[in-house]
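Only the coordinates and a few stated rules stand behind these numbers; no lab work does. Here the structure is a predicted model, which means the values were calculated and not measured. As a convention, Cβ positions derive from the backbone with ideal geometry for all residues, glycine included, and neighbour counts pool all protein chains shown.
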Amino acid sequence: MSKTNITCINCPMGCPLEITMENDIISVIGNKCNKGKEYAIREITNPTRIVTSTVKVNGGERPVVAIKTQDEIPKKLIFDVMKEINKVTINAPVNLGDIVIENVLNTNVNVIATANDKVK
Ligand code: SF4
């Protein structure tokens with residue numbers, strides 16, 4: 001039997017979660033809602049995260065624009081995805097929701113702009 005303690009990051013309540021694994025059975029206590037249980041199980045089996053950052057913009061009013069992965073990616077790929085993001089420069093204008101990198105590292109997740117940038 002193994003026990004792991006984590007904090008749920010899905011809302012400001014920050015519930016302390018205790019995850020117990022015994023014979024491939026995962027049980028969770030401390031969660032005030034089902035999101036916390038799902039999060040705990042995912043953290044133990046396949047932790048994932050949304051990545052947020054910025055990319056450089058050519059010819060825009062601002063030198064960079066905010067971006068994020070459209071969905072969660074495996075936590076173990078965060079540094080590799082950041083390397084891909086850091087290689088990219090996009091041209092103004094940029095519109096919220098524009099795809100900056102399609103299917104980043106074959107994750108089936110796009111990196112998208114989360115802000116606008118006009119042509120300078
Ligand atoms: S378990 Fe539910 S209530 Fe608690 S922090 Fe997570 S999402 Fe919020």
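If only one of Ile73, Ile25, Ile6, Ile29 is in contact with a helix residue (DSSP H, G or I) (Cβ under 7 Å, 6 or more places away or on another chain) and farther than 24 Å from Asn108 by Cβ, which one is it? Only one candidate passes the filter, namely Ile6. Residues in region 34-55 that are farther than 28 Å from Val104 by Cβ and either loosely packed, with under 13 Cβ neighbours inside 10 Å or touching a His at 6+ places or on another chain (Cβ under 8 Å) (or both): Asn34 only.
When Asn5 is tested against (1) assigned to a strand (DSSP E or B); (2) among the polar types (S, T, N, Q); (3) surrounded by 12 or more Cβ atoms within 10 Å (Cβ to Cβ); (4) free of Cβ contacts under 8 Å to residues at least 24 places away in the same chain, exactly one condition is not met: (3).
Annotation: of all residues in region 21-59 being touching an Asp or Glu at 6+ places or on another chain (Cβ under 8 Å) and part of a loop (DSSP other than H, G, I, E, B), the one that is farthest from the ligand (Cβ to nearest atom) is Ile50.
Do you know which residues across region 44-79 are under 30 Å from Lys3 (Cα atoms) and acidic (Asp, Glu)? The answer is Asp71, Glu72.
Number of residues in region 87-113 that are touching a residue at least 40 places away in the same chain (Cβ under 8 Å) and touching a Gly at 6+ places or on another chain (Cβ under 8 Å) equals 2.
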